[in-house]
Amino acid sequence: MNVGDVAADPRYLTAFGTTRSEIIVPVFDGTSESVVGTIDIESEKPNAFPEDVQALLEDCSKVIQPLWRR
């Protein structure tokens, strides 16, 4: 999930009052069946996470995924 303006998203739960945008990338287990964690980054800047940053974080998630093997 990549939210460029958290104030405009009714699903957003405020953790820090200064957050303007947030990206959350799931980390799946080794079988890709269950989410075992997330990469969650917040920014004080709106639209702080362009497509290339999202792609990088998704790649990071895939790199650490094998750590959760059944």
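The values are calculated or read from the model by the stated rules, or taken from the named source; none is laboratory data. The shown structure was predicted, so the numbers you read here are calculated from the model rather than taken from an experiment. Don't worry about glycine lacking a Cβ; one is built from the backbone with ideal geometry, like all the others, and counts go over all protein chains shown. Heads up: the accessible areas ignore ligands, DNA and RNA and are worked out on the full protein's heavy atoms, side chains in. Shrake-Rupley method; radii C 1.70, N 1.55, O 1.52, S 1.80 Å.
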* **Folded to 0 to 90 degrees: helix 51-64 orientation relative to the chain principal axis, Cα** => 30
* So, with a 1.4 angstrom probe, what is the percent of accessible area on the chain that is carbon and sulfur? -> 56
* Asked: Under 5 Å between amide H atoms, partner at least 5 residues away or on a different chain: which partners does GLY37 have, H built in plane at 1.01 Å?
  -> VAL27
* Taking a probe of 1.4 Å, how large is the accessible area per residue of the chain, in Å²? -> 71
* **Entry for Kirkwood radius over Cα pairs in Å (calculated from the structure that is shown) out of (1) 12.9; (2) 13.4; (3) 14.4** => (1)
* Simple spin-label estimate for ASP9 and SER43 in nanometres, 7 Å along Cα-Cβ -> 1.3
